[in-house]
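The values are calculated or read from the model by the stated rules, or taken from the named source; none is laboratory data. None of these values were measured; they are calculated from a predicted model. FYI the Cβ positions are ideal-geometry reconstructions off the backbone, even for glycines, and counts take in every protein chain you see.
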Amino acid sequence: MSLDRQQRLWTTTCHQQFSTIFSLLRLKNLTGQKKLFQLYQVPLYRPIKMASTSFHDPEVVKFLDKAFEIIKEESLQKGTDNKYPVVDFQQPKDLESLLDTEISSEPATHDQLLDALKKIIQYSVKTGHPHFMNQLYGGLDPYSQVGAWVTPTLNTNLHTYEVAPAFVILERYIYKKMLALVGFEHGEGLFCPGGTASNIFALHLARFNKFPDVRKNGIYGMKPLRMYTSDMAHYSLKKGALYLGLGTDNVVTINTDDRGHMITSELERCIKEDLEKGFVPMYVNATSGSTVLGSFDDLTAISEVCKTYNLWLHSDACWGGGTLLSRKHRHLMKGSHLCNSIAWNFHKFSGTPIQSSAFLLNDPSGNLMEEANSTKAEYLFQPDKYYDASYDIGDKTVQCGRSVDIVKLWMQWRGLGDSGMEAKIDLAYDKAHYLTEKLKITEGFKMVLPEFECTNISFWYIPKRLRGKVEDDGWWQEVNDVAPKLKERMMKAGTLMIQYQALSTKGYANFFRVVIVNQHVNYSDMDFVIEEFERLGHDL
Ligand SMILES: *Cc1c(COP(=O)(O)O)cnc(C)c1O
C-alpha cells in the first residue's frame, strides 16, 4: 500500500468514528529519507458526537433565519416601541429560575435555543427604547447594527494589517476625520476598550513623554508625580493612578464653580503649592461634558496653565465629545486643538453600539505611541514584512489583540452622513432644552442647575406633601429619600428608566438625571416623563 493511500484511509476511517481499534501509524525518520512503519497500540477511534455547526446545513440556515427574525422583532422593533415596556424587572433570585440557563451534556435543540434567546431579550433592558434615559448611552440605528453584526462573522484582531486589512484602512480613515474635528494637525488615533481605558492610556503616554526612562526603570526612586482633575470628573483618573502605580493620593481634586467647571485659578494655586512641596506636577485632566452635570471645562484657559508649567493636557470628552459633530454646539469643546490628547466615546452621545471609544493623540513627533509601547514581538511584527508595516498598529498599543470596533461606527457615519451625525446631537439638545423649560414651570420639580451644557438634565422631584414647605435640612432629607422609592416604582412599572444619585461634593441630596441621546425620543416622550413622575410619585 502506498503511503499516501495509507494516510488517506487512516483519515477517512477516523472520520467514520468507529469503536476502538488499533491501527498502523506512520512515522517519518529524522532525515525524511526512509519511511518506517511501526505498530502502535493507540486507541484512535472513539465515537465523537457534536451538533452540526456547518453554515451549509439547511437546519443551521433555518436556525439563523429564525434567530434573526427574533432579534429583529423582539429586540429592534419591540425594544424601540413605547407600546412595550422598557424593562421587565425581576429580582435576581427570580430571574435565575425564569431564565432557562441550564447547560446539559446533550446539545439543546434549535427550538430550545430560540426560546432561550427570546427570554434573554425579554428580561433585558431595552436601551434603544424612547423611555430609557438612565445612562449616557442608548438609541439604535440600522447601519451601526449591521456594522456590529459583521465584526464577529469575520472574527479577527486589529493588530496587524495582515489579518485585518479592510479594518485597518477604515480605522485610519475615521481617525483622520476625528483628528480634523478636534483640530490636531499631526496625530494618531486608537480605539480603546472603553473611555476609562482611553483615559488611562493618556496618562501612560503623558508619563512616558515626560520621563522616557520610566519605560525601562519603572517609577522606583522617582519623586511623586501629580495629576489634577475637577471634583466633577469621572473616577477613571483615580483608576489610572492606582493602575499605573502613581497612587490615588497624587490625584489632586480641583474645586468647581457653581456650574461644575474646574476653577482655573484653583488649578494654578494647587500646582504652585505642589511645586513648593517638592512634588512633580505632570498631568491635567479636563472634563468635557461631566458625567452627572454635563459641564465642560474651559480648555483654552486650562491649556494656558499647562503651558506655563509644562503639563500634559488631556480632555476627557467621553460624554461631551459628540458636540464636535455639531456646528451649533462644538463651541463647548473650544480649545480642543490645544490638548495633548482626547478621549471620545461614540457609544455615548452618538449611540454607536458599545463599545466605540476613540483615543486621539496630538503628536507632532509622530512616534510617541510607538516609542512608549513598542516591544517588537517577533511573531507578529516581523521587520521584513511584505507590505508597509506602518499599517500594523498593534505594537503601538498596550494590548496584543484589539477588538474590531470600527465597522459599526464607519457604517453608521457613512449611512447617516456628517449631516445625520450632526442631527443626532442637535435633536438631543433641542429635546433636552424643551424638557428643561417644561420642568422649570411644572409644579413638583426643582432644577439642580438653571441651565445645562449637555443633554443630561438634573432635577429633584418634590411629592405633593412636601411642596411649598420650608426647605430646611429635614425637608431635604425627605426629598433625598423620595428618589430611591420613586426609582423602585418606576422599575417595577417598567415604564421609564431614569437614574438618581447624590452629589456629595456639592452637598446635593439625591436627584434624578434624565439623559437624552436617543434620536427616537419624541417631544411627547418628554411630556410622558413629567406625567409619569406625577403618576408614580405624587403620594410619596
Ligand atoms: C462614561 C465616561 C467615562 C468612562 O467611559 P467607559 O467607556 O464607560 O469606560 C469617562 N469619562 C466620562 C466623563 C464619562 O462620562
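Test L435 against the stated conditions and say whether it is within 22 Å of L325 (Cα to Cα), assigned to a helix (DSSP H, G or I) and not small (G, A, S). No, not satisfied.
Could you tell me whether L181 is away from the ligand (no atom under 16 Å from the Cβ), within 12 Å of D405 (Cα to Cα) and crowded, with 16+ Cβ neighbours inside 10 Å? So L181 does not fit the description; no.
The set of residues in region 343-395 that are β-branched (V, I, T) and either farther than 15 Å from I174 by Cβ or surrounded by fewer than 22 Cβ atoms within 10 Å (Cβ to Cβ) (or both) comprises I354, T375.
Taking the criterion of being within 27 Å of the chain's Cα centre (by Cα) and not in a loop (DSSP other than H, G, I, E, B), the residues of region 97-122 that qualify are A116, L117, K118, K119, I120, I121, Q122.
Considering only residues in region 152-178 that are modelled with pLDDT of 95 or more and of a type in the set (D, E, K, R), the one that is nearest to the ligand (Cβ to nearest atom) turns out to be E171. With a requirement of 1 or more residues that are more than 16 Å from the ligand (Cβ to nearest atom), in contact with a strand residue (DSSP E or B) (Cβ under 9 Å, 6 or more places away or on another chain) and more than 27 Å from T153 (Cα to Cα), the strands (runs of 3 or more DSSP E) lying completely within region 312-406 that satisfy it span 312-316, 357-362.
Please verify whether region 426-448 includes one or more residues that are more than 20 Å from Y173 (Cβ to Cβ), modelled with pLDDT under 95 and surrounded by fewer than 16 Cβ atoms within 10 Å (Cβ to Cβ). So far as region 426-448 goes, no, none of its residues is more than 20 Å from Y173 (Cβ to Cβ), modelled with pLDDT under 95 and surrounded by fewer than 16 Cβ atoms within 10 Å (Cβ to Cβ). Screening the candidates D213, D231, D249, D258 for the property of being over 21 Å from the mean Cα position of the chain (by Cα), assigned by TED's automatic domain parsing to the domain that holds M282, among the charged types (D, E, K, R) and within 14 Å of the ligand (Cβ to nearest atom) yields one hit, D231.
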